[in-house]
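Some notes on the structure that comes next.
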Amino acid sequence: MAAWHNVVIIGGGGAGLRAAIAIAEANPKLNVAIVSKVYPMRSHTVSAEGGAAAVAGRDDADDSFDEHAYDTVSGSDWLCDQDAVEAFVVEARRELLQLEHWGCPWSRRPDGRIAVRAFGGMKKKRTWFAADKTGFHLLHTLFQTALSYSDIVRYDEWFVTKLLVHDGRVRGVVAVELATGATETIVADAVIVCTGGCGRVFPFTTNANIKTGDGMALAYQAGAPLKDMEFVQYHPTGLPFTGILITEAARAEGGWLLNKDGYRYLQDYDLGSPTDQPTMRSMELGPRDRLSQAFVHEMEKGRTIEHEAGHVVHLDLRHLGKELIDSRLPFVRELCASYQNIDPVSELVPVRPVVHYMMGGIHTDINGATPLTGLYAAGEVACVSINGANRLGSNSLPELLVFGARAGKAAAEFVSDVPGAATGPVLAQGRDEERRLHRELAGRHGSGGERLADIRTEMQDAMEAGAGIYRDEASLIKAIDKVAELKERFARAAIDDTSRTFNTELIAMLELSGMLDVAECIVASALRREESRGAHQRTDFPGRNDEKYLAHSLIRRTPAGESRVDYLPVTITRWPPGERVYGR
């Protein structure tokens, strides 16, 4: 089968929906399709809890665009592109106000103005929120707005297996429908990737099971470079068994982190916090990389608590009181009750650092365009970069709005001006991909090969051990060797299910194939960067090296099938690099 659309968007979360709306607004004559492996309201954007950062008022003397930009730049350890940051902070407020006009129920101050809360690494309160279900309300608002545009076609529960490239230009995708197993070639004048991050490459993560790095792998396999893949953010407060996020909003509202002695240990660390030194008020709101690193040092000193799921510390919300928790943090209370059988109103919550966010992703310019003509990307799957070596909490939701809209507008302009290409070679590629998928099912069935689950678990364990919060040359080389071994074993892995209907084993195989490529990119990029910066901490190179590494890593697949890492200078506009000192 074959279909055609002007623009195909892969991913139905916040970035994908915002891009689709932007295209529909820019040129209502364009035919837009959203291909998503889950129903859009099940996209991972729905799980964002804490809020979205933007300067709240035009005349708010307490905050400014420059302050938001500087906090973002310094929080990134000066690895972000400052032109992108300057555009982002201005457009973030515009996007959040637009969401309000579309119906997003932002929480309010007593005088009716938008309520804002503090978030880690930011000097001012600028995080808009809707209780602690911000992502749910944001995604719901975008979804219902997208429904008003009849030219937006949805392929719900379809999995994209390949980007189709002809004459150096992306010309569509091949996708499998989960319900029927039908394979379809979808021809397009442009493709926007909005598939989110790849947290499931690691064993403990806040990410949903769908966050397997599909879009990053698709772009990499098609020849587009991935940028800054070595920077993997750990969130300091995940539940120990599941990795489920306990939002930073819990600390923004006044929660404390306590070691096994009941001591607020963060006061012993220089966190690069909103003040020069940690204070009893601000120290839990240091940047996420610093808080996660402090946990490791507490564990090394024997000050953490041994738990069935590993070492933990305690998050203490008891002093906040039931009324505040129920009004500002109701979902936190619900998660603790459902997954830990704990009531944070009266009990301590065990937490540990868990993988949360990828600062790296598909290399794009400020409008979401990749070096591969016709291919765009936005959201966590992309690297613009406004996050550099460490993302500040609550910048991700406005990022997917700002750059989702920019990518949508840029793609609309591109397809309006560019002539169509011959579809014959594209359809031939689609038929080749369909035959490949049939061969995979037939060849792996009854092969007696290894289980996909075993390979996936070994990959996750290797990534945690080799490229976790702290890395060194030996651990990274060991991880690289392990991933290479697993890729060889994956080629012989077995599949039991050869049916066409809801073949989740086939999807798991396709996901794992991409995850192994993404894992390889992470460890290869981390090995090349011989410095410590933000979320990339090398114990064998503990200092930051601006002279050599004030640059983005770009990893791409060579024609021979190997990976190559190059570097691209960081864009500095107004803020020269400064020190972010971390004391033990």
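Side notes on the structure shown:
- Helical contribution to [θ] at 222 nm, DSSP H n ≥ 4, -39,500 (n - 2.57), averaged over the chain, rounded to 500: -11500 deg cm²/dmol
- A DSSP coil position with no more than 15 other Cβ atoms inside 10 Å describes the following GluC sites (Glu not before Pro) in the range 506-540: 530.
- Label point distance in nm, residue 65-residue 413, each placed 7 Å from Cα along Cα→Cβ: 1.8 nm
- Stokes-Einstein D (µm²/s) once Rh is taken as the Kirkwood radius of the range 400-488 over alpha-carbon pairs, at 10 °C in 1.306 mPa s: 89 µm²/s
- Counting only DSSP beta bridges with both residues in the chain, the antiparallel share comes to about 65 percent.
- Each label point was placed 7 Å from the Cα along the Cα-to-Cβ direction; for residue 97 and residue 260 their separation is 5.3 nm.
- Gyration tensor verdict on the range 307-453 (Cα atoms; rounded if a/c is under 1.5, prolate if a/b is larger than b/c, oblate otherwise): oblate
- Rolling a 1.4 Å probe over the protein heavy atoms of the chain, with every protein chain left in place, gives an accessible area that is 50 percent carbon and sulfur.
- Rounded to the nearest whole Hz, the Karplus-based 3J(HN,Hα) values (6.51 cos²θ - 1.76 cosθ + 1.60, θ = phi - 60°) of the range 49-57 follow the sequence 10, x, x, 10, 8, 5, 4, 6, x, with x at glycine and proline.
- Nearest 10 degrees, 0 to 90: helix 424-444 Cα axis against the chain principal axis: 70 degrees
- Kirkwood hydrodynamic radius (C-alpha pairs) into Stokes-Einstein, the chain, 10 °C and 1.306 mPa s, D in µm²/s: 66 µm²/s
- Peptides 28-39, 242-253, ordered by how many other C-beta atoms sit within 10 Å of their residues on average, highest first, read 242-253, 28-39.
- Shown here for the range 101-137: chymotrypsin sites (Phe, Trp or Tyr not before Pro) in loop regions (DSSP other than H, G, I, E, B) with at most 10 other Cβ atoms within 10 Å, of which there are none.
- Of 478/548; 124/301; 162/227, pairs whose Cα-Cα distance is over 27 Å: 124/301
- Protein-only accessible surface at a 1.4 angstrom probe places the residues 289, 167, 566, 461 in the order 167, 461, 566, 289, largest first.
- Straight-line cross-link partners of residue 125 among the lysines, defined as a Cα under 29 Å from its Cα and at least 8 positions apart when in the same chain: 133, 322.
- The alpha carbon centroids of the range 115-160 and the range 509-574 are separated by 30 Å.
- Shape category assigned to the range 1-159 from the gyration tensor of Cα positions, a/c cut at 1.5: prolate
- Cα long-axis angle, helix 473-490 against the chain (0 to 90 degrees, to the nearest 10): 30 degrees
- GluC sites (Glu not before Pro) restricted to DSSP loop in the range 91-158 with at most 15 other C-beta within 10 Å: none
- Residues whose amide H lies under 5 Å from that of residue 193, counting only those 5 or more places away or on a different chain, are 10, 376, 377, 378; hydrogens are built 1.01 Å from N in the peptide plane.
- When the P(r) is computed for the range 103-254, the part past 26 Å accounts for 48% of the Cα-Cα pairs.
- Degrees separating the helix 288-300 axis from the principal Cα axis of the chain, which is the longest one: 70 degrees
- Per-residue HN-Hα couplings for the range 143-155 [Karplus 6.51, -1.76, 1.60; θ = phi - 60°; Hz; x = Gly/Pro]: 5, 5, 5, 4, 5, 7, 9, 5, 7, 8, 9, 10, 10
- Note, ³J(HN,Hα) from phi for the range 412-419, Karplus 6.51, -1.76, 1.60, rounded to Hz, x at Gly and Pro: 4, 5, 4, 6, 6, 9, 8, x
- Size of electric dipole in the chain: Cβ of Lys, Arg +1 and of Asp, Glu -1, about Cα centre, debye, nearest 20: 400 debye
- Take the Cα of residue 465, step 7 Å toward its Cβ, do the same at residue 499, and the gap between the two points is 3.7 nm.
The values are calculated or read from the model by the stated rules, or taken from the named source; none is laboratory data. For clarity, every value in this text was computed on a predicted model and none was experimentally measured. Note: ideal-geometry Cβ built from the backbone for every residue, glycine included; neighbour counts use all protein chains shown. The accessibility values were calculated without ligands, DNA or RNA, using every heavy atom of the protein model including side chains. Shrake-Rupley method; radii C 1.70, N 1.55, O 1.52, S 1.80 Å.
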